[in-house]
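What follows is a short report on a single structure.
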Amino acid sequence: MIERVITPTMVAAAKANPSRLLAFAEINTSSGWVRVHSGHGERVYNGQTYLGMGEFAGIGQFTENADTSNNRVTLSLKVLDPSLLAEVMNESLNGYECFVHLVALDEHRRIAEGVDYVIDGDVVDVKVEEGSLEKQIPSVISLVVGDWIERWATPAEAAKTTDADQQHLFPGDRFFDLVEIVAGSPANTLPVKTNYSGSGRGAMGGDPVRRLK
């Protein structure tokens, strides 16, 4: 999960005051990128503007390991505004990228140094714990982020296409006939020219479309 080395500046800032170490998160959504940080106010980092979430934001524990096992981390956001909760819930988040950078502040609360992509992964799950507006109990939105090892370990979904599917997309195309010819004959016995014609997008108007040598 951890992608970069934590520098001496980071360690010194954390020892001086834990609040001088901030997490800057970038979350891709169906409507665009959302950038927030765990402090207060707006801050510009790497040319991008991040909005401070303060005590409304949280990040779970995550560890570094040297093997090929995947790790997950949970990012949480407390929400009191029902309209904001609805807006977040209407976003498509699963499968989208999520990056977290670690940023150290100096004694004047200015950005001193940053370590990019401490977390580099995808959102694999979204959970909502409903609160109560009357009791001023916020709802909690939790994003479960899996790292790049989990992404690479996910089996690829191979597309399966039949002749009927091909004809639906490209009426008149005879691609599957050619597959049968190639599969059933040695390469040196295939015809030099094979003519397939049709009237759809996949057709070539009757001209020779395959030259097998």
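The values are calculated or read from the model by the stated rules, or taken from the named source; none is laboratory data. Only a predicted model underlies this, so the values are computations on that prediction, with no experimental measurement involved. A quick note on method: Cβ atoms are made from the backbone with ideal geometry, for glycine too, and the neighbour counts reach across all protein chains shown. These area figures cover heavy atoms from the full protein model, side chains too; ligands, DNA and RNA do not enter into them. Shrake-Rupley method; radii C 1.70, N 1.55, O 1.52, S 1.80 Å.
Quick notes on this one:
- Ligands, DNA and RNA left out, the accessible area of the stretch 1-154 computed with a 1.4 Å probe is 52% carbon and sulfur.
- For the stretch 1-138, dividing the convex hull volume of the Cα atoms by the residue count gives 127 Å³ per residue.
- Once the Cβ-Cβ distance of F175 and Y96 is raised to the sixth power relative to R0 = 30 Å, the FRET efficiency obtained is 0.30.
- Loop GluC sites (Glu not before Pro), the stretch 23-59, which have at most 13 other Cβ atoms in a 10 Å radius of their Cβ (DSSP): none
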